[in-house]
Structures are given as structure tokens and as C-alpha cells.
Amino acid sequence: MDEKKAAILGEIPRLRRYARSLLRDRDSADDLVQDCLERALLRLEGWQTGESPRRWLFTIMHHLFIDQMRKVNRRGEAAILPLDANEAQAVPAEQAENAASREIIDALQAISPDRRAALVMVAIEGFSYAEAANILGVPAGTLMSRIARGREELRSLLDDTARRRSIRIVEK
Amino acid sequence: MTRRDFSERDIHLALDGELPGDERAAYDAWIDANPEMKAKSARYTADRAALRAAFAGVLDEPVPVLLKQIVRGEGATKVAARQSRWWLAAAAAAVLVVGGLGGYFAGIDGIGRDDGADDQLAEEAIAAHVIYAAEQRHAVEVPASDKDHLQTWLSNRVGLKLVAPDLVAEGFQLVGGRLLPAGQGKAAMLLYEDAKGQRISLFVTADSSAKSKGTYTADAGGPEAVYWLDKGYACAVVGSLPREQLAAVAKRAYGQLVAGLAS
């Protein structure tokens with residue numbers, strides 16, 4: 001049992017990175033990781049030794065993410081309003097991000113959750129198509145098309161941002 | 001060398017290391033002969049590098065103690081009792097998708113809620129707004145001309161240090177306030193009006209143990225509530241303004257309310 005827990009502990013940095021790419025906001029991402037870890041511990045018995053802890057944990061987290069994405073429809077616009085007490089008092093939220101990172105993180109948040117997850121899984125987390133398709137629970141062809149469309153959307157969003165930036169410069 | 005037709009799809013396969021080894025040479029020859037595809041491949045490669053760079057720092061961050069405690073079984077958190085807030089960020093993403101990319105979620109109806117505290121607050125705030133904002137002579141119990149008394153009285157009754165936010169910069173003047181029931185406790189309602197006679201209300205209660213924030217509309221086309229719940233207080237701003245304007249007003253009101261509570 002302790003071996004399993006040690007393996008889970010070792011995966012936390014990766015889980016945090018994946019959550020951050022899905023949700024952007026650091027606290028929200030860590031909340032997702034927390035939910036994932038809690039669920040994982042409840043299901044510790046169901047985790048087959050031999051199965052990669054990473055794949056097991058990513059699968060749990062992805063299910064949590066997608067389930068919630070489907071539930072939030074009605075409360076919709078919630079976080080579009082930056083309304084934490086700290087933010088309301090004008091404390092800059094993201095300190096460590098440079099402008100280029102911010103742009104690509106913004107763009108990533110703007111693509112659909114399914115495509116975002118597929119793209120991140122392969123491009124950042126380094127899973128193979130077969131592994132990613134397995135974690136996301138979709139056929140390989142679906143995964144492929146999500147990755148391709150995700151990349152295309154990301155590119156066009158980044159281009160839009162760059163265009164707006166250059167217009168602003170021209171207007172000055 | 002394998003002969004087959006390559007397409008844009010293969011750019012992704014190549015980039016992701018999924019291209020069979022025996023097709024690599026033919027692929028390289030194909031892409032060298034297609035400047036457009038070559039540019040695309042270079043662009044995707046660059047975007048991927050930027051994505052990796054943007055998130056690389058996360059792996060070096062110290063792992064929050066709470067997360068380690070959970071795994072070690074040291075944390076006393078109860079799964080069911082804890083409020084998860086990460087869906088808020090998920091909601092933001094969903095909105096961007098609906099707004100920007102052709103309604104990815106358009107076909108999915110609102111599914112059941114996990115918890116009712118925020119809905120209840122929003123519904124009470126909207127109900128109060130619908131009733132009292134429509135009143136001309138009896139909209140408030142204590143008028144803005146008696147603001148000091150209004151603040152002291154409502155603070156004592158509700159059990160919070162309540163400061164009526166100054167929303168003049170957003171075009172809204174305080175009309176006054178009243179005391180209302182809310183859940184098991186009491187709520188303060190502050191009513192504001194702009195030059196055109198449009199009204200918004202702030203609904204504040206100390207009766208909250210949940211932590212949440214969001215927007216809520218009871219009926220399509222009806223007033224909308226922007227709400228926050230935190231431990232020890234909850235607040236909703238209600239009005240029929242365009243969403244961006246309501247959000248701006250709400251943000252200003254919230255900043256002052258929180259500052260007032262802490263003063």
C-alpha cells in the first residue's frame with residue numbers, strides 16, 4: 001500500500017501541470033488535483049499493480065474534468081468575472097508568466113476542452129496516441145482529429161492575438 | 001522506401017513521433033517539396049515548444065503540502081464536505097467555447113447541481129430584487145439620506161460590518177436599504193439606481209459556510225445575479241444590465257464590501 005502511495009506522490013507534479021493546462025488558474029487546478037487524489041485513494045484497491053500510476057491517475061483526473069465540464073453549463077459564466085477578493089483589490093494574479101506564455105495559455109484555454117485535453121496529453125505530457133486515447137476513452141481516430149483541430153485552433157487564436165497586438169501598436 | 005501519399009495529417013504524426021520509421025524518409029522528401037506544408041510543420045513545432053515552455057515551470061514548483069497530506073492520509077478532509085472550486089475555471093473555458101467556437105456545449109442541457117447554497121442565495125437575491133426594485137415609494141426601509149444609520153442598523157442585524165459601496169463611478173446612486181430574511185438568517189439589501197432609473201441591488205448575508213462564485217438567472221430574460229459565497233458572508237449583485245456592465249458594477253461593489261468587512 002505504501003508503495004502505491006509513494007508512486008502517487010511522485011506523480012503529483014505531472015498531475016498539477018496537466019490540471020494547470022486544463023484550467024489555467026492555479027488554485028482551481030490544485031483543487032482538481034486534490035479531487036483526483038482523493039478519488040484515487042478511495043479506489044486504491046482497484047488499481048492493478050503493473051498498471052502505470054501515471055496513466056491511472058491521469059484517467060481519474062480526466063474523468064473528473066470532463067464530468068464537471070458537462071455540469072457547468074448552467075452556471076456558465078462564473079469565472080469569466082475575475083472576482084476573487086485578491087483580484088478585486090487589484091493584486092496581479094499571474095506573476096511568473098511572461099507575455100508569450102500568457103498568450104499561448106490564453107489561447108489554449110479558448111479551445112474546446114476535449115481538444116485541449118487531447119493536445120496537452122500528447123504535446124506537453126508526452127503520451128503516445130495509444131496511451132492518450134486510452135486515458136481519454138476515445139478511439140485513436142477521434143484523438144487524432146482532436147489533436148489536429150486543436151493545433152489548428154491554437155494557431156489561429158495566436159494569429160488573432162498577434163494581429164490585434166499589431167493593430168494596437170499601429171494605433172498608438 | 002514506402003510510396004504513399006502524405007497529407008497534413010502526417011505532419012501531426014511526424015511531430016508526435018507516431019510516423020512509422022520506414023515512412024520517415026519519404027515523409028521528409030514530401031515535406032521538403034511542399035513549402036506550405038513545411039511552414040505548417042515548423043509553425044506547429046514552434047507552438048508546441050511554446051506550450052511546453054509555458055508549463056515547464058509547474059514541475060519545479062514545490063508540491064502544496066495539502067496534496068501530499070491527502071496521499072499520506074494525514075489530511076482530515078472529507079471528500080463529500082469539501083467544496084470544490086475548480087469548476088469555476090472550467091466554466092470560464094466552457095463560455096469561451098460557446099461564445100467563440102460555435103457552441104460546443106450548445107447541445108448539452110443544464111444538468112443537476114451538486115449543491116444548493118449558491119443557488120439559494122442567488123434565488124433569494126433575485127426574488128427580493130424583483131419585488132422591491134419595482135416599488136417606487138416603498139422600495140427601501142431606510143433611505144440613502146440616512147446612510148450612517150442604514151449601515152449601522154443593517155450591520156447589527158446581519159452581523160457583518162457592512163459598508164454601502166460607492167458605485168457613483170459606475171453611474172449608480174444609493175437609494176437605501178432594507179432587512180430581509182435569508183435562509184436561516186437575515187440579509188441586507190441595498191438598492192441603487194442610475195440616471196435612467198435602472199436599479200440594481202446588493203444582497204448580503206452572513207449565513208454562509210460554502211465557498212463559491214458565479215452568475216445565475218432564474219428565468220431567461222429576467223434579472224441576473226452575480227454572487228460570491230465565502231466562509232462567513234455571501235453577496236449577490238442583481239440587475240437586468242448587460243452582462244459586462246453588471247460584472248463591472250459587481251466587481252466594484254465586491255471590492256468595497258470585502259474591504260469594508262475587513263475594516
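A few comments on the model shown:
- Here B:ARG4 fits the description: of a type outside the set (Ser, Thr, Tyr) and modelled with pLDDT under 95.
- Residue count for segment A:124-144 satisfying the condition of being within 23 Å of B:GLU8 (Cβ to Cβ) and surrounded by fewer than 16 Cβ atoms within 10 Å (Cβ to Cβ): 7.
- Filter result (among the charged types (D, E, K, R) and either crowded, with 16+ Cβ neighbours inside 10 Å or modelled with pLDDT of 75 or more (or both)) within segment B:206-240: B:ASP207, B:LYS211, B:LYS213, B:GLU224, B:ASP230
- Test: residue in segment B:216-237 that is without any contact (Cβ under 8 Å) to a residue 12 or more places away in the chain and away from chain A (no Cβ under 14 Å): yes
- Scanning segment A:6-27 for residues that are facing chain B (nearest Cβ under 8 Å), farther than 19 Å from A:LEU136 by Cα and free of Cβ contacts under 8 Å to residues at least 24 places away in the same chain yields A:LEU9, A:PRO13, A:ASP27.
- Among the residues making up segment B:159-205, those that are polar (S, T, N, Q) and either surrounded by 18 or more Cβ atoms within 10 Å (Cβ to Cβ) or not assigned by TED's automatic domain parsing to the domain that holds B:ALA253 (or both) are B:SER201, B:THR205.
- When segment B:166-216 is filtered for residues that are within 24 Å of the chain's Cα centre (by Cα), among the basic types (Lys, Arg) and more than 14 Å from B:TYR254 (Cα to Cα), the ones remaining, listed by number, are B:ARG199, B:LYS211.
- Filtered residues of segment A:114-129 (kept if over 13 Å from A:ARG151 (Cα atoms) and in a helix (DSSP H, G or I)): A:TYR129
- Exactly one residue out of A:LEU119, A:LEU108 is modelled with pLDDT under 95 and under 12 Å from the mean Cα position of the chain (by Cα): that is A:LEU108.
The values are calculated or read from the model by the stated rules, or taken from the named source; none is laboratory data. This structure is a prediction, so every number in the text was calculated from the model and none was measured. Glycine gets a Cβ as well: all are built from the backbone with ideal geometry, and neighbour counts include every protein chain shown.
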